[in-house]
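Visitor: First the structure, then my questions, so here it is.
The values are calculated or read from the model by the stated rules, or taken from the named source; none is laboratory data. Please read all numbers here as calculations on a predicted model, not as lab measurements. So basically every Cβ, Gly included, is an ideal-geometry build from the backbone, and we count neighbours across all protein chains shown. These area figures cover heavy atoms from the full protein model, side chains too; ligands, DNA and RNA do not enter into them. Shrake-Rupley method; radii C 1.70, N 1.55, O 1.52, S 1.80 Å.
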Amino acid sequence: MSRREDHGAYFLSDDPAILDLDAVHAYLTRSYWSEGIGRDLVARAAAASLCYGIYGPTPRALQVGFARVITDTATYAYLCDVYVLEECRGRGLSKALMAFVLADPRLQGLRRFALMTRDAQGLYAKFGFGPMADPTRYMEIARPGMYLAPRQAGPGSVTPGTPPRSDGPPA
């Protein structure tokens, strides 16, 4: 059963049936973390995740914000793709969205809830997130610019489906 919560002239919902994937794609494709991402990948990612939207102002109720959680709903969750449209910021919507996400019954009792951010540490700290206790335990395969056309991709990027390039000796 989906949840809905009012926030002034806006409302938050986790109902996947009302997500506006065109609006989500329009924002994500210009974001620093998924620049150039295709709509088909946004749809596939949303279908395999818990998604949360901010809609309003009423009565038009356009989608103005989004968050996605990748999780097994038992031990781990990863928060990503969080945004509030620039023209809707300053209304407490990001805080309302975080409270709404963290109150989801499917996300209670997790051992770890992670995220990455370039510039919103202050927001997330208000909800209990902090730096990794031991960053040396975290590893990743990073492919910056992978959604951009090959001529626009950044240094160290790879063609989708190919392993990342290693600049060091083989392990």
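Visitor: How many of the residues in the stretch 21-42 are under 30 Å from Arg111 (Cα atoms), part of a helix (DSSP H, G or I) and open to solvent by less than 30 Å² (accessible area, probe 1.4 Å)?
Guide: 3
Visitor: Which of the residues that make up the stretch 53-102 are within 17 Å of Ser2 (Cβ to Cβ) and free of Cβ contacts under 8 Å to residues at least 24 places away in the same chain?
Guide: Arg68
Visitor: When only residues in the stretch 97-115 that are out of contact with any Phe, Trp or Tyr (no Cβ under 8 Å at 6 or more places or on another chain) and not charged (D, E, K, R) count, which is farthest from Leu50 (Cα to Cα)?
Guide: Step by step, filter the stretch 97-115, then rank; the result is Gly109.
Visitor: Count, please, the residues in the stretch 34-72 that happen to be modelled with pLDDT of 95 or more, in contact with a strand residue (DSSP E or B) (Cβ under 8 Å, 6 or more places away or on another chain) and not small (Gly, Ala, Ser).
Guide: 13
Visitor: Taking the stated definitions as given, is Gln108 surrounded by 10 or more Cβ atoms within 10 Å (Cβ to Cβ) and farther than 25 Å from Gly36 by Cβ?
Guide: no
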